[in-house]
Every structure is written in C-alpha cells, then in structure tokens.
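For reference, the structure discussed in these notes is given below.
The values are calculated or read from the model by the stated rules, or taken from the named source; none is laboratory data. Given the structure is predicted, the values throughout are model-derived calculations rather than measurements. When we count neighbours, we look across all protein chains shown, and the Cβ atoms used for this are built from the backbone with ideal geometry, even at glycine.
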Amino acid sequence: MKNNNPSAVVLPVDIFEAMQDELEDLRLQAVAVERLTDFDASKAISHADMLDRYSAEEE
C-alpha cells in the first residue's frame, strides 16, 4: 500500500529471485554482525582443529 491505495509490481522472475537472494544475503549479514559483537577470541578454534574434530574419517 502506498498512500492508502493498493499497489502491485510486475517484474521478471529472474529479477524477483535476485531480489530475494539479496534480501537473504542481507539477513545473513545482519546475523553475522550481531554474532561478531559477542565473539570471544579465546573460545575460537582454528580451521585445522575443526577439521580434526568434525570431519568424517575415511574408511
């Protein structure tokens, strides 16, 4: 609604999907920024440690 009048927008699907993707990226960025405010470097582990801890062993 704009000025209490209903409105509609018609656009190609690819543009609509690109807009949705960008909105999702912005939402994820907002979550990342929020999490960084509480980041404690003393609790962080390296990428190598993550791989050692959580990667599946090959049989």
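Tell me which residues, restricted to the range 40-59, are loosely packed, with under 10 Cβ neighbours inside 10 Å and not charged (D, E, K, R). Steps first, please.
Filtering the range 40-59 down to residues loosely packed, with under 10 Cβ neighbours inside 10 Å leaves 40-48, 51, 53-59.
Correct list: 41, 42, 44, 45, 46, 47, 48, 51, 54, 55, 56.
Of all the residues in the range 11-48, those that are outside any helix (DSSP H, G or I) and modelled with pLDDT of 95 or more number 2.
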